[in-house]
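One structure is given below, encoded as structure tokens.
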Number of protein chains: 2
Amino acid sequence: MLLSPNALPGYHAGQGVSVCTMIKNGKPTKRQIILEEAAKLFKDKGYVGTSMRDIAGQVGMEAASMYNHIKSKDEILDHICFRISDIYIAHLQEIEELPLSYGEKLRTLIRRHIQLMIEDGPEVSVANHDYKYLPAARLTDFTDARRRYEKGFAALIAAGTAAGEFQSVNPTVALFTILSAVRWIELWFKPGRSLSAQELEDHIITMLLNGLENR
Amino acid sequence: MLLSPNALPGYHAGQGVSVCTMIKNGKPTKRQIILEEAAKLFKDKGYVGTSMRDIAGQVGMEAASMYNHIKSKDEILDHICFRISDIYIAHLQEIEELPLSYGEKLRTLIRRHIQLMIEDGPEVSVANHDYKYLPAARLTDFTDARRRYEKGFAALIAAGTAAGEFQSVNPTVALFTILSAVRWIELWFKPGRSLSAQELEDHIITMLLNGLENR
């Protein structure tokens, strides 16, 4: 068993974080507020279980006037999924070109991966779970983007092993162990935890790159 | 993003494994066959989406004669959930008493944890996802058992850190990182993979205990 980050005392899972990279700079537009509130509702109630009326209610607008900013629930889902996959791909491309060791590249990639989960928790959760409701053509685009990220991630691990920096671990096993290892953050992290986001990143990266055992 | 063990070529997720510890020794009884087939159906279609008629069809029995062996769907769910939690607790208690270093204890505990996922994939999946359909009193028993396992697991990590064997990683972060890190196996592993179960265990344990980077 049985991942249950909310099983230990003092944990309150399922609460999104309030900082959103989307609106970090300057005053958010109505459209941005609608997208952010929609992501929180999709995370809590699921994409299928959320109506445009629910979103309007959450934002405090009349449904009719919300349609001036957003055409449909489909448009919201598309925006959220591809915004998140674009950011992941951009991280990967940026890190591939940095003049760093493979160990430092992988540390940076994992750190960015965790940071996005912390800063845009509800959106990452929607991209992880509700992407399957994208229309067929867009679903293919999205899974292609995901595959590209995973292949780039695994290639970095394989290159590090070839260069003698990493142990001879199967790159696919290493990839999925890393991506899986950080998934509990989605259910657990919120501001005000005894552990800061930075400490959380440090501890997880220490475990995955250096191992739990002392050297 | 975005754990998708089935996104890379050659992967076929969602297929259970055929070896079941429950029926390893000797010829399985009718009841054991019903429980095993029910677990596969619950994993594929969900507990709510599976009927007693579906289970009878899968086993190749008349529904009426199946009731000679199993009273209800509730009884099946209860049996599966508590059989799995009993095994996890037994592993923990056995390992706590072994005369080993904390590193060896943790290696053994992670290995047993992975082995149960591989040997009884559908049952572990049901205990992970469908436990929430247990009636209230049994749900409390089950979450108490899970908490006991998680607390014992975290205590082992904390003791290893106190003894100077492990790095100073927050025991809660280490616990959930380890339990989360192995969850992708549930979607990915089936017999006939290019990687054996033993290799899979070895590679994951190497990453979590020794770290990906060479020492």
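Of B:206, B:29, the sequence from fewest to most neighbouring Cβ atoms within 10 angstrom is B:29, B:206. By a straight-distance test (C-alpha under 25 Å), which lysines pair with residue B:43 as possible cross-link partners, with residues fewer than eight away in the same chain excluded? Result set, ordered by chain and number: A:43, A:45, A:132, B:24, B:27, B:30, B:71, B:73, B:132, B:190.
With 10 angstrom as the radius, rank A:124, A:182, A:48 by how many other C-beta atoms surround their C-beta, starting from the fewest.
Details: A:124 25, A:182 22, A:48 10.
With the fewest neighbours first, A:124, A:182, A:48 line up as A:48, A:182, A:124.
Per-residue Karplus couplings for the stretch B:74-85, computed as 6.51 cos²θ - 1.76 cosθ + 1.60 with θ equal to phi - 60°, are listed in order as 4, 5, 5, 4, 4, 4, 5, 4, 7, 4, 5, 5 Hz, Gly and Pro entered as x. Evaluate the relative contact order of chain B (contact order divided by residue number), counting alpha-carbon pairs under 8 angstrom at least 6 apart; express in whole percent. Answer for chain B is 28 percent. Residues whose amide H lies under 5 Å from that of residue B:166, counting only those 5 or more places away or on a different chain, are A:214, B:161; hydrogens are built 1.01 Å from N in the peptide plane. Taking amide H as placed 1.01 Å from N in the peptide plane, the amide H of residue B:183 sits under 5 Å from none that are at least 5 places away or on another chain.
Just so you know, all these numbers are worked out from the coordinates, no wet-lab data involved. These figures come from a predicted structure and were not determined experimentally. Heads up, the Cβs are rebuilt from the backbone with ideal geometry, glycines too, and the neighbour counts pull from every protein chain shown.
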